Structure formats: structure tokens, C-alpha cells
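Working notes, structure below.
The values are calculated or read from the model by the stated rules, or taken from the named source; none is laboratory data. In this text the structure is predicted, and so the values were computed from the model without any measurement. Positions of Cβ are backbone-derived with ideal geometry, glycine not excepted, and every protein chain shown enters the neighbour counts. Heavy atoms of the whole protein, side chains included, go into the accessibility calculation; ligands, DNA and RNA do not. Shrake-Rupley method; radii C 1.70, N 1.55, O 1.52, S 1.80 Å.
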Amino acid sequence: ASIAIGFAFQDIFENFLAGVLIIWRFPFNDGDFIEVPSVGVEGKVEETQIRMTLIRDTSGELVLVPNATIYKNVVRVLTDRDTRRITVMCGIAYGEDIAEGRRVMTEAVKSCPSVRTDKPVQIFANAFGSSSIDFEVTWWTGPTPVERRESRDEVIEAVKSALDSAGIEIPYPYRTLVFSRNEPDIIDAVRGRGSEGEG
């Protein structure tokens, strides 16, 4: 009977002790946004109880997470500081001037109200893409999920508008189709479709 009761209450005791440790150490506070990747939860901490932590998911649902899950797994505290860094990728055509593209993007990002002026805006050429020179566009904004989404939207719109105004191309992927003369069936099929379209 003692063994059965011990197994039955094992999870309860484990969550109780984990709750005591979380409340005692204060790794996060009520009102903080946290992410628990092991259970796929991201949201605002509403209350930390002895047995479980109540998290209001960013989609609106209330999620009850056992304290042992939080204590034993990786937890990201998103609002531990008042700023968060965001990086998006942006490509310009190979025929454009890289330095000018960097300058235009930098000014566009700095012009956005959601971008923190006390942190650097960083624009780095990152890679030779399939149809563009790809840049990392990095800036700092507020820490909450909605602040990050709003800032990302604002910056992407500003960069696109600035590049368009400067006449700098953001290219579409290019595809080149080459038909071998040794494949007459393919050539005949393409010609057949072309003649059908003309008819």
C-alpha cells in the first residue's frame, strides 16, 4: 500500500517541490513572457502556484504547465530585459551596388519608430544566393511577442519601400530551362503545346 501510494503521489510531490524552488529562486515573475520549448508553449505568466504555472498563450488559451516540467527543462524568459534583437534576410540583385544597398537599408531601419535608437542597427552581406546577394538585417526592439511582430512588419515595409524608391531591385528567383537536342520527344512536346496555344 505504501509503495502504491508513493507512486501515485510521486508527480504531485515532484511538482510541489519544483514549485517551491521556482517561487524561491524567482527565475521569472508574473507578467513575464516565457517559452517552454519542450511542450511548445509561449505566453505570459499569469500565476505561479505550488503545483503548476498558469501561462496565457499568445493565441489566448490558458495553459497549465506542471512545475516539474518547467524546472527540469529549458525555459526562455523573453522579457528578462527590455529589448530583443530581430534579424530578417533581404536580398538585392547581383547587378546592384552592395554598399549603396546597405546604406539604403540602414537608413530605412533607423527611420522606424519601433527600432531602439540606443542599440546598433547592423546590416551585413551574408551569402551569395541563387539570384541575389543576401543581407542580414538586424535591429533591437521591445521584448514582447506583439512588439516583435509589429516591429518586424514595420521594418520589412520600410526596407521594401526604400529599396523601391532607390531603384534597387529585390529579385525574384530566376529559372533557366535548357533542352538538349538529343531529346526530340521533349522538343516536339513543347512545340506541340505552343501550336495548341496559338490555335
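Data table
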| read-out | value |
| --- | --- |
| Solvent-accessible area of Glu157 with every protein chain in place, 1.4 Å probe, in Å² to the nearest 10 | 120 Å² |
| Simple spin-label estimate for Leu64 and Val146 in nanometres, 7 Å along Cα-Cβ | 2.7 nm |
| Accessible heavy-atom area order of Thr144, Thr58, highest first, probe of 1.4 Å | Thr58, Thr144 |
| Accessible area in the full protein assembly, largest first, 1.4 Å probe, for Asp80, Asp134 | Asp80, Asp134 |
| Which of Met105, Met52, Met89 is most accessible, then next, and so on - probe 1.4 Å | Met89, Met52, Met105 |
| Per-residue SASA entry for Ser165, accessible area with 1.4 Å probe, Å² rounded to 10 | 100 Å² |
| Rough spin-label spacing in nm, given labels placed 7 Å along Cα→Cβ, for Asp32 and Ala127 | 3.4 nm |
